[in-house]
Amino acid sequence: MKVSIYIIAVLLLGSCSSARVTDSWVSEAHKEYKPKKVLLIGLTDNISGRRLFEEQLKKEFTNRGVEAVESYAVFKPTFTNSKQTEEEIENEIKRLSNEGFDTVLISAVKGVDEKVNYSGDNFRVYYNWRQFGPYYYRYQNIYHLEGYYSKYKVYHIEASMFNLKENNDKSLVWIASYDIVDPSEVNTTVTNYVKAIIKSLEEHQLIDGD
């Protein structure tokens, strides 16, 4: 499960889960923005998860006529293996800009919530919920059945697009937040998340449809 968590963190759902967008925003100053060369960053310490996310996202951009490059093919190991200062990061941004990159899309896990789900029978509409007797009868299994409740986790993930040519507080082009519920199968999780990102970018007309 830990591997799945970090892969999603790409930043980084189960086979029957999906990535649900909870919020999205696009800058008024960038409504006509069209990225030409995008650096894709899955912010995770899991190398295989990072590659999977970035490669799938690259395929989607390429299919839409946008050049995209995975971060593992651009960043030197020394850049990702140690914490960088703000000055070092700015120097890296200058290097990227000199190499023709005009856009960065980065994704990271912002938080994880643990939830509890009721595991009993489905709600029965024929019960008279206004009377104590039927209500108690319905829920008394809480005392007697192990596993009456099941725990699951919700991962809050954020994806952001930045204009590298705008070296100021207006460089943020687009940002969106997603909830992924209890992921278990890595490939499906990443695929669903990538599709959700692409859908949002298309809706904001930052990229063309496939």
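Here the label points at E99 and A29, each 7 Å from Cα along the C-beta direction, are separated by 2.6 nm in the simple model.
Which entries of K31/K115; K76/K170; K34/K115; K37/K151 have Cα-Cα distances beyond 31 Å here? Cα-Cα > 31 Å for K31/K115; K34/K115; K37/K151; rest within. Neighbours of E86 by Cβ distance under 14 Å: Lys/Arg scored +1, Asp/Glu scored -1, total -2. As a proxy for reagent exposure, ranking W174, W25 by other Cβ atoms within 10 Å from fewest up yields W25, W174.
Straight-distance candidates among the aspartates and glutamates for linking to K153, with alpha-carbon spacing under 16 Å and chain neighbours fewer than 8 residues away dropped: D113, E114, D179, D182, E185. For the listed peptides 54-64, 78-88, a ranking on the average number of other beta carbons within 10 Å per residue, highest first, reads 54-64, 78-88.
Laboratory data are not the source of any read-out in this text; all were calculated from the coordinates shown. Just so it is clear, the structure is predicted and the values come from calculations on it, not from any experiment. Please note: Cβ atoms are built from the backbone with ideal geometry, for glycine as well, and neighbour counts cover all protein chains shown.
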